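A short write-up of the structure that comes next.
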Amino acid sequence: MERLDEGAPVPQRYRGGIVALGNFDGFHLGHQAVIGRAVALARARGVPALVATFDPHPVRYFKPDLPPFRLTTLDQRARLFAAAGADAMVVFGFDAALAGLTAQAFVDERLIGNLGVGGVVTGADFTFGKARGGNVAVLAALGQANGFACETVSAVTAGDDAVSSSRIRDLLKGGDPGGAARLLTRPFAIAGQVQHGDKVGRTIGYPTANIDMGSYLRPAYGIYAVRARLADGRVLDGAANIGIRPTFDPPKELLEVFLFDFAEDLYGQVIEVQLIAYLRPEAKFDGLEALVAQMDADCAAARVVLAAS
């Protein structure tokens, strides 16, 4: 799948395509329904299927001081969109110029001018344009006036849960990665480059791969049973701590991953860590002996959980 910058017209081979339009941060069940409909329409018409997403997230542009809240990176979204059948991902750079476009100008300049859309599919709550001046009804009217079709996909529910990125964030912050996974259809996963730390773990028999959390949402601090996908495609079980390591001074926020039965050098490699189950909150211990004893228990618990999943 090709990744395109919408700052310039897309290549001719993608013009006239069906575009799924939205943030699609979590690529959850609702997002999958929107993109699935766009792909189905594109295949039926014999035209390309594109997914247009925004980066940074519009909320980050308007409220830059908010705590981190992203559920996926652009690289993760690209892989997910490709697996869903999209031919290309278009990244709308959300800046002052884009924020200042009226709904009419957004359609004229970005959808028609840059993308040459043949059709657009959105979720029912999609808004766009300066001061959110456009919604799905406005988009449909502009599409009719300019010769492209618009479809809206209704909200999706899973049991008693309305599927939304906000709901998924709440579940993760509440220590329920399993609940989040049901709405995502996969475990929430944090990808990042393994960096050098203070290497205390290796002195107590628990060497960890340390990853900066970056712009990801911070799930509940604590210990998790995890699976990690390495750069070479191997998937390994392990246990991880997300938090500030209160036993050590100074506090330092990290995702620290201990991989079971593994002793290779991962420094500099990008790995993706899936949160499978929340085991316990982060805690401070009186010395390394107590910490190691608890880590032994955590790893034993993680093995049991992962063996059953």
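Scanning the stretch 253-281 for residues that are assigned to a loop (DSSP other than H, G, I, E, B), open to solvent by less than 40 Å² (accessible area, probe 1.4 Å) and either at positive phi or modelled with pLDDT under 90 (or both) yields nothing.
Is it true that Leu183 is touching a residue at least 60 places away in the same chain (Cβ under 8 Å), closer than 30 Å to Leu288 by Cα, assigned to a helix (DSSP H, G or I) and touching a Leu at 6+ places or on another chain (Cβ under 7 Å)?
No; evaluated as a whole, the condition is false for this residue.
Can you list the helices (runs of 4 or more DSSP H) found entirely within the stretch 84-175 that contain at least 2 residues being of a type in the set (Asp, Glu), open to solvent by 60 Å² or more (accessible area, probe 1.4 Å) and at pLDDT below 95? Filter on the stretch 84-175 gives an empty set. Residue-level check: of (1) over 22 Å from Arg37 (Cβ atoms); (2) under 26 Å from the mean Cα position of the chain (by Cα); (3) without any contact (Cβ under 8 Å) to a residue 40 or more places away in the chain, Thr127 misses just (1).
The values are calculated or read from the model by the stated rules, or taken from the named source; none is laboratory data. The shown structure was predicted, so the numbers you read here are calculated from the model rather than taken from an experiment. All Cβ positions, glycine included, derive from the backbone under ideal geometry; neighbour counts span all protein chains shown. Accessible surface areas use protein heavy atoms only, side chains included; no ligands, DNA or RNA. Shrake-Rupley method; radii C 1.70, N 1.55, O 1.52, S 1.80 Å.
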